[in-house]
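Below: the structure, in structure tokens.
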Amino acid sequence: MDFALIVAPYLLYVTVSGAILYSGAMLLSMLLPLAPRSKMMLYASALLLPMFTYSYYLRHMTAGCDMVGTPGAIRICTLSAYYSEFLAPFTVVLLIGYVAWRVWQVATKRAKLGREITDRFHSGRVYALLPELGYTEELTVAVLDSHYPMAFVRGVFRPELVLTRGLLELLGDEELKAVLAHELAHIAGGDNVYNLVHVLRDLAFFSPFAHLAWASYAAEREMAADYASLGRCTGTDLAGAILKVARRGQDLSCFAWQHSHFYRPSSISRRIRAILSDHRQVALVPLWLLLALLSSTILGLC
């Protein structure tokens with residue numbers, strides 16, 4: 001098979017199928033009473049399924065696409081054949097430029113985050129609060145020497161809780177416990193594994209729908225962790241911690257190493273309203289049925 005017919009349809013398949021999938025996931029999340037974790041999985045599928053449609057295309061083309069060149073054919077494989085001479089080099093140029101930009105971003109990221117603090121003064125406070133949350137499993141805690149207030153989980157197979165000195169200095173014990181409960185909910189929910197879908201966002205870097213799906217996924221992931229953490233902390237402590245971190249983050253936004261959906265006013269107000277009202281949505285429709293609906297719709301493109 002011609003190289004152009006391999007590269008060119010990648011741009012079309014991922015963009016077109018991503019647009020349909022993201023629109024479908026957004027429509028389902030708006031119309032149906034779904035829990036945040038179900039919405040999170042829907043948006044993750046909007047990142048995953050375009051790659052399946054492209055792999056299905058490759059199998060289809062390897063077997064011989066009898067639709068190419070057929071008058072009136074509107075399938076993407078036909079469009080790819082027509083525009084392959086332009087799309088193939090355009091896709092390669094985009095890929096090279098994006099890889100160079102990502103390498104530079106990763107190289108400068110660690111310097112902006114700050115070095116890790118090795119003394120036990122800051123991490124000891126965290127270890128002292130973990131048993132109060134009923135968490136008895138072994139967990140590695142890292143504290144970064146940064147004024148920027150952040151807390152996140154890194155590591156896929158062995159998750160590590162990471163906080164910054166700015167966060168520990170900003171929050172009192174009860175608010176810090178709420179933040180820890182939120183991060184423990186991420187670990188319990190396996191979000192450190194699900195977050196690997198960011199690789200799919202990078203593979204579809206040229207598609208705005210991939211970035212929209214990732215932003216929606218991240219927002220629903222935080223909502224899901226908020227709901228799960230309310231069994232270990234009060235809503236007022238968690239809401240207070242979010243407000244404090246958001247305000248300090250806005251003050252230091254000029255030093256932020258990357259934009260975060262956490263500091264978007266709409267995202268913050270939505271989270272706080274949901275936390276204080278404790279109005280939890282329950283998925284009345286099985287998630288597998290929604291994913292099957294999206295999958296059958298997008299496979300029609302093939």
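Since every read-out is calculated from the coordinates, none of them should be taken as a lab result. Keep in mind the model is a prediction, meaning the values are calculated, not measured. Note that each Cβ is placed from the backbone with ideal geometry, even for glycine, and that neighbours are counted across all protein chains shown.
Quick look at the values:
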item: Amide hydrogen neighbours beyond the local backbone of Ala142, cut-off 5 Å, H modeled; result: Leu161, Val162, Leu163
item: Under 16 Å from the Glu169 label point (7 Å along Cα→beta-carbon), backbone N, the range 224-249; result: 245, 248-249
item: Residue order, fewest to most beta carbons within 10 Å, for Val162, Val99; result: Val99, Val162
item: Neighbourhood charge, 11 Å Cβ-Cβ cut-off, centred on Ala181 and excluding it, Lys, Arg +1 and Asp, Glu -1; result: -4
item: Using a Förster distance of 25 Å, the FRET efficiency for Gln250-Leu133 (Cβ separation, nearest 0.05); result: 0.35
item: Rounded to whole Hz, the Karplus (6.51, -1.76, 1.60) HN-Hα couplings of the range 10-23, x for glycine and proline; result: 4, 4, 6, 4, 5, 6, 5, 5, x, 5, 5, 5, 5, 4
item: 3J(HN,Hα) from dihedral phi, the range 235-251, Karplus parametrisation 6.51/-1.76/1.60, rounded to Hz, x for glycine, proline; result: x, 5, 5, 5, 5, x, 5, 4, 5, 4, 5, 5, 5, 5, x, 5, 5
